[in-house]
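What follows is calculated from the coordinates using simple rules that are stated; it is not laboratory data. Source: prediction; values computed, not measured. Note that we place each Cβ from the backbone using ideal geometry, even for glycine, and neighbour counts take in every protein chain shown.
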Amino acid sequence: MVISSTSTATNTKVTERLPTTTTTTTNIETETDVRSGLELEADEEAQAVADTSKSKPIKRIKLKRVPSALNLSRRPSILLQRTSSIMLRKRGEKKKSGNFHYRSRPAEIEEIDVDVQDESSKAKSSASSSPKRLTPWINYEVFQWAWFLTLCILAIADRFTWNVWPRQTYTIGAGSAGSDRLSGYKPGPWSVVLYDSLARVSGRYSIICYNFLLITRLECLEHILTSSFVRKYLLDTSNIVNANVRLHSWNGIGLCVMTLLHVWSILFPCITHGYTAVVVPGVWEWPASERTPVKCSVSDEPGCWPGDANPELKQMGLQVDDVFRMVEMTIFLCILLPISVRWFASKWHAGIHLHRLVNLVYFVDIVRRHSHPHSWILNTPVFALYLFDKHVFTYFYKRNKSPAMKRIRLGQDFMVLYWDSPYGFTDTVGPDYSMVMHNSSLLEQKHVFTCFENRSGRELEDTNEEEDGTDTYENESSGDGHKWTVGVVIRVFRRPRSPVLGARDRVSHTQRMYDEEPLMIVTGPRQGEMSEMVRLELLRDRDVKLVLLGAGSAINFILDGLQWCTVNKPARKKISLVYTTRDFNLFQWAMSAISNIVPVCEAKAYSSTSRWPTLNVPTHSTRSIKSRSKSVSTQLNRFDLYGEIEAKSTVFCQGGAGLKNAVEAVCKKAGARFYGGRGGAREDLS
């Protein structure tokens, strides 16, 4: 389904709805050039004596229609929302520059009387109604890269030059926490120097990078950074969700590479310069490490440790713990970690636990060694904060336990859930809410859904029209007239889980939500991956088109965009909402929901065009689909992406991987900006 809203079309209803008399309490603010079309006649004799303690003197003027009058229409996306007085310029005044668009057309304007304040009060109200907009100081992703790279460079430079924090300043158990060479490199050929340099660089980098990976997954920090003050004046966090994913992914790869170099680089001299590797068991040390034995002399004594690199004996000395770390890191970072990432697409319920297991093993490995005092001090506090975030904050902050749920089954593959959130509405588009069944197993993680909020206060489906294939359920606690503020369309996945992590979770979580009583633990709202970007694009006064495109359960994204427009004032001149689905029951419900919201947008003059292009429906269906809104129509064919996506337009797409790939390809050819969601055909199937 394609829903188009473009303000370049002529709106014949605007003039018809203009009142014959307008006072300063009207909800229309307009600036009209009356030099060629309207004549102002002041009637000062009709001026009343105002009470100076309550009101200022007013001047009564008349507006007369003359043959060459222009219409008073302007961009409808902001026409009927503002609350201010009508401001008219006298003959000869220069037209002010503003974010308004005028079109001339024949129109009969009745004679109207307007009460206008004096010039000083008008100037004051005009100045107060348009405050200067402040912009964030720096982009969030740029800021993260900046401090991360700065700390890495300083930490590595310190290890080669200043050494203000050497390991030998700490003692543990039977001796010091290690010995950092304060000048020069280990003696030997270039491969030994390379091993020494890589050990220093990878060690310092790993300490900083591991903390950075944990920080990018902190929901509590993300919540703070998306607060109103931070995002307005400090950081542009509109794309913080996707930015954190990118930061986590790239630096995770970097950490794996540097860690593997750290444990394997000791064998470089054996490969390039014929050194031999000798494994000598050491002495057990607290907390779970191995201290080096007594170092050998120049002569080759059996059972002694030659040191890390012995140029006289041409030997590289290893301990049992060194060999263990080689095997451990190779298995976890080269085998299990890629498996966990691959499982995110198809077995998320197991992939997330495997991913966190790798994280736990890595942390234990770096802090258990007596020679890693910097990790004890720097990594341990951040890991503790990470545990607090994952097991306390995300489950108890903005927690809504067992709210009254209304469930509507749309056939076998989709359902709609409604509930009342005590935390009010968000100011973004498509917020995220997390849900988990109340009786789920301990290992069941919360599931994040993009939802829509009932900002318009309207029901989305007709209660007197029961559609085929729908099944309505309400909790006993919900009673009659279920009140809801948040809703979500959920796709039901019916694939059995493999592997099974709990007896109660043998099927997908969405199937349990469909079949069982929906007793949920709901947390949120949180900023979604596109929420703030879409809001900012709606508020940008640009001539290029903004396209919001969704498929299947991405109707949540489309509906909340419409809901947002019922209470806000988008400045974008051309907006196109595109939705498609193969499921007939979901399609009928979506048509009903959209048809109930669109009139509210039209009443607010946010959508004024009568062209709402195509809706993708199975052509073999014989059931009719009707819309109660004249702005919504359907066609039984595919929509034309090239016709919807214009040059330099901005496109946000949520849906399957195939759809996103097709839309992205069209955007590249058309020269449009493309933003794709992270879900898709290979999304979480559990």
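Worth a mention:
- Residue-count net charge about Arg582 - beta-carbon cut-off 14 Å; Lys, Arg +1, Asp, Glu -1: 0
- The calculated FRET efficiency for Leu154 paired with Arg542, based on their beta-carbon distance and R0 = 35 Å, is about 0.25.
- DSSP-defined antiparallel bridges as percent of all bridges, the stretch 138-393, nearest 5: 50 percent
- The alpha carbon gyration tensor of the stretch 323-426 gives principal lengths a ≥ b ≥ c with a/c of 1.5 or higher and a/b no greater than b/c, which makes the shape oblate.
- Footprinting exposure proxy for Glu290, Glu453 (fewest neighbouring C-beta atoms within 10 Å first): Glu290, Glu453
- Measuring r between the beta carbons of Asp515 and Val364 and using R0 = 60 Å, the FRET efficiency lands at 0.90.
- Since only Gly274, His391, Cys152 are under comparison, the one whose Cα sits farthest along the positive direction of the charge dipole of the stretch 138-393, derived from C-beta charges on Lys, Arg, Asp and Glu, is His391.
- Ordered by the number of other Cβ atoms lying within 10 Å of each residue's own Cβ, fewest first, Trp286, Trp484 fall into the sequence Trp286, Trp484.
- Take every pair of alpha-carbon atoms less than 8 Å apart whose residues are at least six positions apart; their mean separation over the length of the stretch 400-526 yields a relative contact order of 43 percent.
- Given their separation in residues at 0.36 nm each and the Cα-Cα distance between them, Arg506 and Leu194 gain 107.2 nm when the chain is fully extended.
- For the pair Leu336 and Arg399, label points projected 7 Å from Cα toward Cβ lie 2.9 nm apart.
- Violating pairs (Cα-Cα greater than 21 angstrom) within the set Lys347/Lys401; Lys390/Lys446; Lys574/Lys648; Lys573/Lys648: Lys347/Lys401
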